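Here the structure is laid out as structure tokens; the discussion comes afterwards.
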Amino acid sequence: MLSNNSKKIIYLLILIVPFLVFFSNQKLVSSFKFKTVDALRGPLSFISSPLKELRKLLYYHRTFDEYIFLRKRVNELEARLVGQEEVLIENARLVELLEFKRKLIYSSVAASVIGRNPSRWNSTMIVDKGTDDGIKQGMSVVNALGVVGKISEVGEKTSKVLLVTDPQFSVAAQVQRPRESVLVTGTLKGLCRLRFVNENADIREGDKVVTSKLSTTFPESLIIGEVVKVIRNKKSGTLDCWVKPAVSLSQLEEVLIIIN
Amino acid sequence: MRKAIFIALFVHLFFLCEFFIFNLIGTHFVPNLLLLLTVFATLAFGIRYGLLAAIWAGVIKDSFSSYIFGINIFTFVFCAFATVFLSQRIYERRSNFSRLLIVFAVLLIEMLITNIIHGMYGSFQFAESFIYIFIPEVVITLLICLYVFNLLKRCVLKLFVM
């Protein structure tokens, strides 16, 4: 039997060691983390399938409303496409003339969402593609509606995606109508926030926020979300803007990971 | 050994429950089941098994998190020690109120520690975390706390000779 002093020392060590782990090289623990994730992947995938069906039943009305909205949008966009082809050809020719190279097509990998991490402090999710599929850290993750997030950690068969609403997430963006350059970051509220906003910027509720050319991770002009609240503080001269993501993060089932 | 297996199984089960509830309903209705298990293991089996539950639960939570590895382990271990400290001062056997009080205090400590650690590596967002994380977590966790404790107590009484 250990003496009281020995027990106290052991308890103190148990408290201190995890604290010291913060300062260790996080890359060393990355493979251990993914081994734990892979160990639970079976049960998580097992409960993910009925979970998806249950969500479809519970949120049927939301899905149907979204279908009606998307159907209408597709019809509008198809109508706009007529006549756009000429504009695209002319644009490509002008861009070539100015000797800018632009990639118009991005190669991507489709990934299924296993589930979101049940944490209130982080917004991350696990997808079923990893290094075996050519995924690397920092790759952007999108879907048809807009920006989802970026790959934060990669294992062999799974990856973690840092969602656009995570406080650690940030991307260079532009508010479309006034052409203001901003930085979009996630918050604990479940919304995004615009940072480094010019206090005289003409940003209004309803303005669309898209990725900008300055972003090294995301292709430009991808929709991030829509401004839902603008608070002007006249005393301090600051502008506080909140953005609702375009993608419904709680209903994601498949995403695209942009390879290059 | 049996207690260790019991704790390991319930850590995995409670994590899967949290995952299921989170992905079905959303963030505001997820109780902190792993913290409840840590508190229960500490009160029922003592600090050693409480630390085992804390470390195991922390490892799983950190593995799924994208933040620095070790945050949840440290937080849960600290909460296990806090449970011992609080149980010596306010816990009474068969008193539901004292159980609720301990759980509330441990949730508060967990929020404060997580805030401090997040503040060390990023920005301190106490107001936001209090409104959007602490209050929903406390409400839903305290609502099911007694039910979970009774459930675990019945499992323990059936499995172990006390």
Which of the aspartates and glutamates could a cross-linker span from residue B:61 if the Cα-Cα distance has to be under 13 Å and same-chain partners fewer than 8 positions apart are dropped? B:18
Could you pull out which residues in segment B:125-162 have an amide N less than 11 Å from a spot 7 Å beyond the Cα of residue B:1, following the Cα-Cβ vector? none
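Ratio of segment A:150-220's C-alpha Rg to 2.2 N^0.38 Å, to two decimals?
Numbers: Rg = 13.7 Å, N = 71, 2.2 N^0.38 = 11.1 Å.
Normalised Cα radius of gyration, segment A:150-220: 1.23.
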Distance between the C-alpha centers of segment A:144-177 and segment B:17-41? Whole Å please. 25
Once you have the Cα-Cα distance between residue A:131 and residue A:74, take 0.36 nm times their residue separation minus that, and quote the gain in nm to one decimal. 17.1 nm
Rounded FRET efficiency, nearest 0.05, which uses the C-beta distance separating residue B:89 from residue A:49 and R0 of 45 Å: 0.45
Mind computing the radius of gyration and Dmax over the alpha-carbon atoms of segment B:1-54? Å is fine for both. 12.0, 36
Checking an interface number: how much accessible area is buried between A and B, summed over both chains, with a 1.4 Å probe, in Å² rounded to 100? 4400
Roughly speaking, what % of Cα-Cα pairs in segment A:99-253 are separated by over 19 Å, rounded to a whole number? 54
Sorted by average packing, counted as other Cβ atoms within 10 angstrom per residue and highest first, what order do A:48-58, B:96-106 take? B:96-106, A:48-58
Over all distinct Cα pairs, what is the inverse of the mean 1/r for the protein assembly as shown, reported as the Kirkwood hydrodynamic radius in Å? 23.7
Carbon and sulfur atoms: what percent of the 1.4 Å accessible area of chain B do they account for? 70
So what is the accessible area of segment A:168-257 per residue, in Å², with the probe set to 1.4 Å? 51
Segment A:173-260 - charge dipole about Cα centre, Lys and Arg +1 at Cβ, Asp and Glu -1, debye rounded to 20: 420
Dividing the mean separation of Cα pairs under 8 Å (6+ apart) by the residue count of chain A yields a relative contact order in percent of 16
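Exactly which chymotrypsin sites (Phe, Trp or Tyr not before Pro) in segment A:1-47 are in a DSSP loop and have at most 13 other Cβ atoms within 10 Å? Each step should come with its number before you reach the end.
Details: sites: A:11, A:19, A:22, A:23, A:32, A:34, A:46; in loops: A:22, A:23.
Counting only loop positions with at most 13 other Cβ atoms within 10 Å, the chymotrypsin sites (Phe, Trp or Tyr not before Pro) in segment A:1-47 are A:23.
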Segment A:183-260: percent of C-alpha pairs farther apart than 17 Å? 51
With +1 at each Lys and Arg Cβ and -1 at each Asp and Glu Cβ, the charge dipole magnitude of the protein assembly as shown around its Cα centre, to the nearest 20 debye, comes out at 1500
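Assign one of three labels to segment B:85-162, namely rounded, prolate or oblate, based on the Cα gyration tensor with a ≥ b ≥ c the square roots of its eigenvalues; rounded applies when a/c is under 1.5, prolate when it is not and a/b is larger than b/c, and oblate otherwise. Walk me through the intermediate numbers first.
Numbers: a/c = 2.45, a/b = 2.25, b/c = 1.09.
Prolate.
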May I ask you to derive the FRET efficiency for residue B:120 and residue A:56 from their Cβ-Cβ distance with R0 = 56 Å, giving the value to the nearest 0.05? 0.85
Rank A:67, B:60, B:125 by how far each Cα sits towards the positive end of the charge dipole of the protein assembly as shown (+1 on Lys, Arg Cβ; -1 on Asp, Glu Cβ) and give me just the farthest. B:60
Please work out, to two decimal places, the log10 of the ratio I(q)/I(0) at q = 0.15, 0.22 Å⁻¹ from a Debye calculation in which every Cα of segment B:1-140 carries one identical scatterer. -0.74, -1.54
If R0 is 25 Å, what FRET efficiency do you get for residue A:107 and residue A:157 from their C-beta distance, rounded to 0.05? 0.80
Along the positive direction of the dipole of segment A:195-235 (beta-carbon charges: Lys, Arg +1; Asp, Glu -1; about the Cα centre), which of A:197, A:233, A:214 reaches farthest? A:233
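The values are calculated or read from the model by the stated rules, or taken from the named source; none is laboratory data. Computed from a predicted structure; not experimentally measured. Here Cβ is always computed from backbone atoms with ideal geometry, including for glycine, and neighbour counts include all displayed protein chains. Calculation scope for accessible area: heavy atoms of the full protein, side chains included, ligands and nucleic acids excluded. Shrake-Rupley method; radii C 1.70, N 1.55, O 1.52, S 1.80 Å.
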